[in-house]
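The values are calculated or read from the model by the stated rules, or taken from the named source; none is laboratory data. None of the values given here were measured: they were computed from a predicted structure. So basically every Cβ, Gly included, is an ideal-geometry build from the backbone, and we count neighbours across all protein chains shown. Quick note on the areas: whole protein, heavy atoms, side chains included, nothing else; ligands and nucleic acids left out. Shrake-Rupley method; radii C 1.70, N 1.55, O 1.52, S 1.80 Å.
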Amino acid sequence: MEYNLDNAIRKIPDFPKKGILFYDITGILMKPEAFNYCIDKMEELYASSGVNAIAVIESRGFLFGAPLAIRLKMPLILLRKKGKLPGETYSVKFTLEYGEDVIEVHKEDVDSSQNILLIDDLIATGGTLKAAIELLTKGGARVARVFGIVGLPFLNYADILKGYPVKTLINYHAE
Ligand code: AMP
């Protein structure tokens, strides 16, 4: 069954700062039908895609990757902000609009047998996903697919993620 996801995504102008229209997925989480629709669609897209592990980006990526990992019976790899993971980690520093950020993964969670589906809630510039790909590649894994519930293609994420098959459930365009 198709579901109009747009109805479930809240749009908040000027958040977190002036000029940004924030696409808020908490509206999806509050509507079980919308949330379940997302997981159904993701299952449809990736059940037979050859991926064998799922990696999720803190923190909203966790919400969509975790139920999918259970459905597909695949391991779930957490990519977290600096200092959150207790074990030995790989880490990658990347540039955000203002300043820098670091993401990390447990070394023991990544290896060369993995064909990874990488998930975040929303793809804007693609910078975060690009850093995540670098991180997983450090551990020898292959990122086979990239997914976001929401895409903002006018920010040109296709360029920075060139060579990686990217899918989204709904796209928004510049006003
Ligand atoms: P980017 O690295 O530019 O692709 O930014 C991706 C991350 O920032 C995602 O984890 C999103 O959750 C968040 N993000 C960036 N822009 C927006 C936006 N307009 N609305 C909601 N979340 C956003």
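Assorted remarks:
- Label-to-label distance, nm, for residues given as Ser113 and Leu155 (7 Å Cα→Cβ offset): 3.6
- Calculated FRET efficiency for the pair Glu88/Ile170, C-beta based, R₀ 45 Å, to 0.05: 0.75
- Qualifying lysines (Cα of each under 21 Å from Cα of Lys31; at least 8 residues distant if same chain): Lys11, Lys41
- Summed over the residues of the stretch 50-171 and divided among them, the accessible surface reaches 48 Å² per residue at a probe radius of 1.4 Å.
- Relative contact order (%) - criterion: Cα under 8 Å, at least six apart; region: the chain: 17
- Here the label points at Glu58 and Glu33, each 7 Å from Cα along the C-beta direction, are separated by 3.6 nm in the simple model.
- For the stretch 73-175, the normalised intensity computed at q = 0.10, 0.14, 0.22 Å⁻¹ comes to -0.28, -0.54, -1.22 (log10 of I(q)/I(0), Debye sum over alpha carbons, equal scatterers, no solvent).
- Every pair of different Cα atoms in the chain enters the Kirkwood calculation, which places the hydrodynamic radius at 16.5 Å.
- For Ala55, the amide hydrogen comes within under 5 Å of the amide hydrogens of Ile77, Leu117, Leu118, Ile119, counting only partners 5 or more places away or on other chains and with H modelled in the peptide plane.
- Potential lengthening between Arg71 and Arg10 on full extension [0.36 nm per residue; Cα-Cα distance subtracted]: 19.3 nm
- Element breakdown for the stretch 1-140 at a 1.4 angstrom probe: carbon and sulfur atoms account for 52% of the accessible area.
- Stretchable slack from Ser48 to Val102, in nm (0.36 nm times residue separation minus alpha-carbon distance): 16.2 nm
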